[in-house]
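Below is a structure I'd like to ask you about.
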Amino acid sequence: MNIDLHIERLILDGLSIEPKDRTQLQAAVESELTRLLRAGGLKAELSSSGALRSVGASQIQLTGWREAPVLGKQIAQAVHGGIGAEAGGAATAVAPREPTVAEPNP
């Protein structure tokens, strides 16, 4: 199965990413999401084709993150939860919701 993934826009509300880190962040998201999708595939309802207006993602914890590749991997794993097949069995539907990023507590 071929998967054509296009992320038009990634919104990280309330999170400031330095311009020098954006490329690394993008590469980490793409790399990890590709790895996860190759390993497990898509949810059954997405495998036939189609585009999604948005993808729900779980919250991630930013406590102590310092490197864009680490954040990119966490983002990809959260997004995968909204589009990827569940490990070891049939995929289940998840109600779409807006992606969110949890801010670290000061």
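No lab work stands behind these numbers, since they all come straight from the coordinates. What you are looking at is a predicted structure, and each value in this text was computed from that prediction instead of being measured. Because the Cβ atoms are built from the backbone with ideal geometry, glycine has one as well, and the counts that use them run over all protein chains shown.
Given points 7 Å out from each Cα along the Cα-Cβ axis, report the L12 to R53 separation in nanometres with one decimal.
2.6 nm
If amide hydrogens are placed 1.01 Å from N in the peptide plane, which non-local residues have theirs closer than 5 Å to the one on L42?
Under 5 Å from the amide H of L42: A85.
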